[in-house]
Amino acid sequence: MEAAEAGKNQLDSFIVGSVPTLFYIPDFITNKEEELLLNTIYNAPMSKWKLLKNRRLQNWGGVVHEKGLLAQDLPPWLTKITERISEKSGLFPSAINHVLINEYLPNQGIMPHQDGSAYYPSVAILSLGSPVVMDFTPHSSLGSRTEMIENNESSNMPHEELMQMNSGEPLKEYQPFSVILMSRSLLIFKDKAYSDYLHGIKDSEVQLIDKSVNISQVPGAVWSEGGSEDKDDVKQNGKEGKYIRRTVTRISLTCRVVTKTHKNLFKI
Ligand SMILES: O=C(O)CCC(=O)C(=O)O
Ligand SMILES: [Fe+2]
């Protein structure tokens, strides 16, 4: 019984913020593992990179489309990580079978979005390289009006991303918040955090961290206090405060389960 209870609560100590289905695990992998992953990712053939308008990505596990996943086995260097994620979190119904690797230069981000319906509603994001701030915004039907980014890149995405544009009265329990994603950390979110909020990363080199729910877990050396040299960010975000400055590239591994899979195109 003890083991079952420990299993049930294995992520409780990693909850950050007020949404109980969002977990932040610092130091999920070692420095050595980070280095190995980065080397392997950058050793992939150039053709493996898909260029988007504002970043590039590698798609592993097969092609996701409406009818599910045209599955390809994940390579061992990825299953080593995805198996650890499944085992440590206990939040995935079956083996993680899809990994999207996104690369972000310091001035690149991803518009606020909800992940496509082909995925099981649990996602684990492993971060490598530069720290970054991920913003969670309640769907406009639930909270304050959702910020939209004009350049809709969803047509370039390998999976469906749903945009929510309708406005509504803010509900108190749905407030925007942010999470600082340090290198080697794992962010997991599911249920409410997955379906009632959009998630995104601003395309700015300087990112305010005042709304971040995990500041206390981030080394003080990572952030600075607002100063006159950061006028651009103040202009962009409308206020001054604590911020991080992205100086290097960030790589993220978005690990998910696509429940419907097909091995052969002709059997769909
Ligand atoms: O890079 C990230 O941290 C987020 C990526 C993401 O949200 C996605 O691929 O759907
Ligand atoms: Fe996403």
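The values are calculated or read from the model by the stated rules, or taken from the named source; none is laboratory data. Computed from a prediction, not measured in an experiment: that's the story for all the values here. Backbone-built Cβ (ideal geometry, glycine too); neighbour counts: all protein chains shown. Surface areas here come from the heavy atoms of the whole protein model, side chains and all, with no ligands, DNA or RNA. Shrake-Rupley method; radii C 1.70, N 1.55, O 1.52, S 1.80 Å.
Estimated at 0.36 nm per residue, the fully extended path between Ser94 and Glu35 surpasses their Cα-Cα distance by 18.5 nm. Among Ile101, Thr82, Phe136, flag the residue with its Cα farthest along the positive direction of the charge dipole of region 41-136, charges on Cβ as +1 for Lys/Arg and -1 for Asp/Glu. Checked the options; the winner is Ile101.
Structural size metrics of region 14-153, computed from C-alpha coordinates, are Rg and Dmax of 16.1, 44 Å. Take Lys67: with every protein chain present and a 1.4 Å probe, its accessible area is about 120 Å². Between Thr259 and Lys67, residue separation times 0.36 nm minus the direct Cα-Cα distance comes to 68.1 nm.
Taking label points 7 Å from Cα along the Cα-to-Cβ direction, Lys80 and Lys50 give a separation of 2.6 nm.
Treating r as the C-beta distance of Lys211 and Asp191 and R0 as 25 Å, the FRET efficiency rounds to 0.75. Other residues within the sphere of radius under 15 Å centred on the Cβ of Ser86, judged by their own Cβ, net out at +3 (K and R +1, D and E -1).
Extending 7 Å from Cα along the Cβ direction at Ser18 and again at Glu225 yields two label points whose distance is 2.7 nm. Model label points for Val248 and Asp27, set 7 angstrom from Cα along the Cα-to-Cβ axis, are 1.8 nm apart.
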